[in-house]
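The block underneath contains the structure these notes are about, expressed in C-alpha cells.
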Amino acid sequence: MLTKRIVVCLDVRDGKTTKGVKFEHNVDIGDPVEMAEAYYEQGADELVFYDITASAERRGIMIDIVRRVAERIFVPFSVGGGIAKVDDMRAVLLAGAEKVSVNSQAVRNPRIIEEGAAQFGSQAVVLGMDALRDPSMPSGYRVVVDGGRVRTELDALAWAKRAESLGAGEIVLNSIDADGTREGYDIELTRMISTELAVPVVASGGAGRLDHIERVLTEGRADAALVASMVHLGSFTIPEIKGYLRDRGVAVRLDY
Amino acid sequence: MVVGLIDYKAGNLGSVENALARLGAATRIVDRPERLAGLDRAIFPGVGEARAAMEALRERGLDRALAALSRSATPLLGICIGCQVLLGRSEERDTECLGIIAGTSRRFPPAPGLKIPQIGWNQVYHRGRHALFRGIPDGASFYFDHSYYPEPASAEAWVAETDYGVRFASALARGSVVAVQFHPEKSGRWGLALLANFLAWRAEAS
C-alpha cells in the first residue's frame, strides 16, 4: 500500500534556512544541508527547498546547497523559487534534485510546465500553487503569486487542472489563508483539488498540531502533508508525527 | 570496483552516482559502447519516458551493447525507466524496447482513489529469494515514481511485488540482469542496502 508522505519544507534565503509568517518577518534558523541530513535520519519521506533569495546572482548558492544535499540524503527532494526557464530547471535537476517546482513563473508563462515535462518528464515537474479563499471565484479560491502578494485572475481549480494537462506531475497546494497560522490546513481546498485531479497533491500551510496532519491526509484526501515550523521549532519530531498517524490508522513509512 | 552508469540523454545520473559514492564504488559514465569495456558491473538508471529513452539508446548504439552485456556474466541493474525498457515493449507511446527480459510495461489502469503517477513509498514483498534482497526485510519500503509498471512474461523473472491497484513486479531478474521499478538511490537505508547487494552480487551469465 502506498503510504502518506511527510514532507519537510525548508525556505532558504542567502544560503540559510529561514522561517517567516505569511512570507514576512523571516529569521534564520539553521544550515539547510545540516537540517536536511537531520530530517533524513529522522525519517522524513521527502524534502522541499524554496529559494526565497531575491537577487539573481545568488542563484549559485542554491545550486551549491542542492549539490551538497544530494550527496548526503537518499530520499527525494524538490527545489523551487525563482525557476523561470527550462535552463533553471536543468541546473537544479543536474545538481541532484528529483523535482523542480514552479509557481509564479508558471502563471506568467504556463509553457514552462509543458517544456519542463517534455525535457525531464512529468515526474520532475511540480506545480506550486498559492490559493486564497475568494467567494467570487468559481471554485471559491483564487490563485495568488509572488508569495501571496499579487492576485491573479485565475481560479485555483481551473489552474490546477490546466497545469496537470500541461504535464505537471504533482501539485504542492498552499493555502495563503492558513499559511503560518498553525491553526490547521485548509481541508476544503485540499479535498477539492485532490479529488478533482489525477496527480498527487501535497497539502501545505497551517500545520500546528498532530491532528491537523491527520485530518488533511484523511478528510482532505491529500497524498502528502508538508510541515515546516512544526518540526523546525522543535515542537514535534518526524517520529512523533508518524507514530501519531500510525496509531490512527494512517499508513506511513516507519522502516527508515 | 568500477560501475558503469549508462548515460543515454541529459538524464540525471547524479543521484545514483551519489549513492554509489556513499557505498565506496567508483563510477564511469557510459555514453557509447566502447566505454563498457572492462567494467565490473553496470547500472541503467532512468527517468523520463520509454520512447525517448529507446531513441537515445539506439542513437548511441547502446541498445546492442546492452543486449550483448546482458548475455555476459557482468551484472546489470535497470532502475525505473531503465527497468521498463529492458522488457520487450512498453505501452508508453507503444514503444518497442530492448527485449532483454520478456514482458511488457503497462499503464496503471484508472481506479477510484488511486493517483497516477504512483508517487511515494510503497512496500516491496519478496517472491522467492534473490541476492538483491539479502538482509532486507520482506515488505520494506522503497520510493516509487511511475505511471507504467513492468509485467514479465514469465513468473520466473518475478523477484518481488508491490500493490498499487494491481500487484505488479517491482523487481525482476534474468541471469546476470536485475531490474527494479522503484528508485533504490532515493529509498533511504533499504535502497542503499539493495545497491550494496548489487555491488556484491556474483551473477552467472544467462
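The values are calculated or read from the model by the stated rules, or taken from the named source; none is laboratory data. Not measured: the values here are computed from a predicted model. Positions of Cβ are backbone-derived with ideal geometry, glycine not excepted, and every protein chain shown enters the neighbour counts. These accessible areas exclude ligands, DNA and RNA; they are computed on the full protein's heavy atoms, side chains included. Shrake-Rupley method; radii C 1.70, N 1.55, O 1.52, S 1.80 Å.
Table for the structure above
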quantity: Residues of the range A:163-175 classified as open to solvent by 20 Å² or more (accessible area, probe 1.4 Å) and either assigned to a loop (DSSP other than H, G, I, E, B) or within 21 Å of A:A225 (Cα to Cα) (or both), total; calculated: 1
quantity: Subset of the range A:125-149 [open to solvent by 60 Å² or more (accessible area, probe 1.4 Å) and touching a Ser or Thr at 6+ places or on another chain (Cβ under 9 Å)]; calculated: A:R133
quantity: Single condition A:F120 does not satisfy, out of (1) closer than 24 Å to A:D179 by Cβ; (2) open to solvent by 20 Å² or more (accessible area, probe 1.4 Å); (3) in contact with a Leu (Cβ under 8 Å, 6 or more places away or on another chain); (4) in contact (Cβ under 8 Å) with a residue 24 or more places away in the chain; calculated: (1)
quantity: Filter pass, A:A97 being touching a strand residue (DSSP E or B) at 6+ places or on another chain (Cβ under 6 Å) and either within 14 Å of chain B (Cβ to nearest Cβ) or within 28 Å of A:R182 (Cα to Cα) (or both); calculated: yes
quantity: Scan of the range B:103-123 for residues that are part of a strand (DSSP E or B), within 12 Å of chain A (Cβ to nearest Cβ) and in contact with a Pro (Cβ under 7 Å, 6 or more places away or on another chain), ordered by number; calculated: B:I119
quantity: Per-region count, the range A:201-230, residues open to solvent by less than 10 Å² (accessible area, probe 1.4 Å) and either in a helix (DSSP H, G or I) or over 30 Å from A:S165 (Cβ atoms) (or both); calculated: 4
quantity: Answer from A:A198, A:A178 - the residue that is among the aliphatic types (A, V, I, L, M), in a loop (DSSP other than H, G, I, E, B) and surrounded by fewer than 20 Cβ atoms within 10 Å (Cβ to Cβ); calculated: A:A198
quantity: Unmet criterion (only one of (1) part of a helix (DSSP H, G or I); (2) within 12 Å of chain B (Cβ to nearest Cβ); (3) within 23 Å of A:T152 (Cβ to Cβ)) for A:I112; calculated: (2)
quantity: Test: B:I100 is assigned to a loop (DSSP other than H, G, I, E, B), within 30 Å of A:A38 (Cβ to Cβ) and more than 9 Å from chain A (Cβ to nearest Cβ); calculated: no
quantity: Any strands (runs of 3 or more DSSP E) falling wholly within the range B:124-206 and containing at least 3 residues that are more than 12 Å from chain A (Cβ to nearest Cβ); calculated: B:148-152, B:158-164, B:166-174, B:177-180
quantity: Search result, residues across the range A:240-249 that are within 22 Å of B:R189 (Cβ to Cβ) and either open to solvent by less than 60 Å² (accessible area, probe 1.4 Å) or of a type in the set (A, V, I, L, M) (or both); calculated: A:I241, A:K242, A:G243, A:L245
quantity: From A:R72, A:R68, residue being at pLDDT 90 or above, surrounded by 17 or more Cβ atoms within 10 Å (Cβ to Cβ) and among the charged types (D, E, K, R); calculated: A:R68
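Here is a yes/no grid of residues against (1) of a type in the set (V, I, T); (2) modelled with pLDDT under 90; (3) closer than 22 Å to A:G205 by Cβ:
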residue: A:M1; (1), (2), (3): no, no, no
residue: A:V27; (1), (2), (3): yes, yes, yes
residue: A:Y40; (1), (2), (3): no, no, no
residue: A:E46; (1), (2), (3): no, no, yes
residue: A:D51; (1), (2), (3): no, no, yes
residue: A:D64; (1), (2), (3): no, no, no
